[in-house]
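Notes to accompany the following structure.
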Amino acid sequence: IRRIIIIGGDGTIHEVTDGIWQLQDSAKSCSIAVIPAGTGNDFAKAYGIPTQPLEALQIALNAANTVQIDLLLHTKHNQVAVNSIGAGFDGMVAKLTNEASYKKLLNSLGLGKLSYFISILRVFATYQPSTAWIEVDGKVTELPHMWLAAVANIPFYARFKYVLQQVQQTVWQMS
């Protein structure tokens, strides 16, 4: 397989990309193309992929429009992400939203973004900050009462525009 055209949002892109990564021998020669059909579409925004399906399809079919992207590697779980990896509050919101029965209903009504807002309120009501440790260049730092920790590969995070002004493109490994 040389190219996979993904029709979906950030979660679908993550699942397909991680699946390709799991087949590591073929991952080096397989590219992806995206037709945005999700709630946030942060990946599509970051790479300038049009939200109009036919325009995105035209780009997807044109192999000349390829760019190499970096991946975030979570070594402990041998998984990759293309947008971001979050822990704490936002991780709980993402998990709750993805498992929520109301997400599918709201998406079918064109109100998918509301599912995240509902989940934010639900998590906010019960979330307890925790202690985390981060290691950078061999130095471990304790983060008491952590609400959120994230690593991002694009300048959009959780549907917010330009939260990260400059994203250094590097392969990061998370243990």
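In the condition set (1) among the aliphatic types (A, V, I, L, M); (2) under 29 Å from I35 (Cα atoms); (3) open to solvent by 70 Å² or more (accessible area, probe 1.4 Å), V140 is compliant with all but (2). Only residues that are open to solvent by 100 Å² or more (accessible area, probe 1.4 Å) and either in contact (Cβ under 8 Å) with a residue 24 or more places away in the chain or in contact with a Ser or Thr (Cβ under 8 Å, 6 or more places away or on another chain) (or both) were counted across the range 85-122, and they come to 3.
The range 84-141 holds helices (runs of 4 or more DSSP H) entirely within its bounds, and those carrying 1 or more residues that are within 19 Å of H74 (Cα to Cα) map to 89-99. Where helices (runs of 4 or more DSSP H) fall entirely within the range 1-47, those with at least 3 residues that are open to solvent by less than 70 Å² (accessible area, probe 1.4 Å) and closer than 22 Å to P155 by Cβ are at 10-22, 42-46.
Residue count for the range 143-175, restricted to those that are of a type in the set (V, I, T), within 15 Å of L73 (Cα to Cα) and either modelled with pLDDT of 80 or more or surrounded by 11 or more Cβ atoms within 10 Å (Cβ to Cβ) (or both): 2. For the range 125-146, how many residues are in contact with an Asp or Glu (Cβ under 9 Å, 6 or more places away or on another chain) and under 20 Å from S84 (Cα atoms)? So the count comes out to 3.
Here A125 passes the criteria (1) open to solvent by less than 100 Å² (accessible area, probe 1.4 Å); (2) modelled with pLDDT of 90 or more; (3) in contact with a Leu (Cβ under 7 Å, 6 or more places away or on another chain) except the one numbered (3).
The values are calculated or read from the model by the stated rules, or taken from the named source; none is laboratory data. Keep in mind that what you see is a predicted model, and the values were worked out from it rather than measured. Methodologically, a virtual Cβ is constructed for each residue, glycine included, from the backbone with ideal geometry; neighbour enumeration extends over all protein chains shown. Side chains included, ligands, DNA and RNA excluded: accessible areas come from the protein's heavy atoms. Shrake-Rupley method; radii C 1.70, N 1.55, O 1.52, S 1.80 Å.
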